[in-house]
Amino acid sequence: MPKPLTLKPRIQKQANTLLAEREKPSRPALVSQALILCPLPFRRVHGTTLSRTTRLPDGVLTVKFYVPEGDTLPYGNDAVLLDLLCSESRRMKSPEITFDRAAELLEKLGDNDSGASYRRVRERLQRLANMTISVRRARAGFNVRLVDSWDLGTTKESKQEARGERRMIPYAIRFSPEFFDDLMSFYVPIPEKVLMAFKSNPTEYHLMKRITHRAWVARTQSLIPWDDLRAELGSSDSNVPRFKGDVRKVLLKLALTWEDMPLTFTEEKAGIAVHPRRVKVVTDTPKV
């Protein structure tokens, strides 16, 4: 008698975690389209400049990231923090995001309220604040500091907060007006629980966002050829089976965490087939 199919313990644990996330209520995160199509680097880079370009129906989108000599470009999970800040900024319709407690930011990131977590978030914010971003679209563009100002308090204040004390002035992070205007016009809604499910792997996180962008722009059934998908994602991996395996893993995790995802996928020899579902369209339709 054949043995029943079982998953390896590590894979089973991941699947259980994703299914648990699926049951949680989740509002959409409103993520910058420019940062989906032209993302921050997935891992630390040695240079001070990074440029990415992609083609849109109305022309070319180019995004460049710069930091001064001696500073480090934001990378990896810095993108998760930036996406959540973008979402709060757009939801509040203000370039300034405020928090009554510094711990609120840690809670949004799913981190525990510890000194190490607090220091890590401060380091990420510092990298983002050091960065200049240039966004060039077919009809517009800008070149500005991403963050105009930020205040997440001091280590002493975080300890006082842990004792139940509150400071009189809220913590605040302010985006540049030009970046904020672009975010208000071009964004993609992704459930926050989906962002959290992918946050531990920067490469999968980016794959998920690109595929989700496809979900919003797809109106009819279509096929994404493997070569086109690799070019869109900027993949330099010459191992095609490994790349396809990465895509399959992301699609599986998406299906596990996003029950009402507005499309389904099937794998074909030539690429990934996209099957849009009929979904309710909100009044505030994202410009993707």
message: Can you pull out the trypsin sites (Lys or Arg not before Pro) in the range 69-134 whose DSSP state is coil and whose Cβ has at most 12 other Cβ atoms within 10 Å?
response: 93
statement: Quick P(r) readout (the range 82-140; Cα-Cα; 10 Å bins; whole %) gives 18, 45, 27, 8, 1
query: What is the set of long-range amide H partners of residue 56 at a cut-off below 5 Å, with H atoms built 1.01 Å from backbone N?
result: 61
- line: Within the under-12-Å Cβ sphere about residue 31, not counting residue 31, Lys/Arg +1 and Asp/Glu -1 give a net charge of +1
statement: Between residue 29 and residues 5 or more places away or on another chain, the pairs with built amide H atoms under 5 Å apart involve 190, 192
query: For residue 115, what charge total do you get from the other residues with a beta carbon under 11 Å from its beta carbon, if Lys and Arg give +1 and Asp and Glu give -1?
result: +3
task: Write down the Kirkwood hydrodynamic radius of the range 113-213, to one decimal in angstroms, obtained as one divided by the mean of 1/r over all alpha carbon pairs.
output: 16.4 Å
query: In the neighborhood of residue 46, defined by Cβ-to-Cβ distances under 14 Å, what is the net charge if each Lys or Arg adds +1 and each Asp or Glu adds -1?
result: 0
- prompt: In terms of solvent-accessible area of protein heavy atoms at a 1.4 angstrom probe, what is the ranking of 206, 46, 275, highest value first?
  reply: 46, 275, 206
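The values are calculated or read from the model by the stated rules, or taken from the named source; none is laboratory data. For clarity, every value in this text was computed on a predicted model and none was experimentally measured. Glycine also receives a Cβ, built like all others from the backbone with ideal geometry; neighbour counts cover every protein chain displayed. Ligands, DNA and RNA are excluded from the accessible area calculation, which covers all protein heavy atoms including side chains. Shrake-Rupley method; radii C 1.70, N 1.55, O 1.52, S 1.80 Å.
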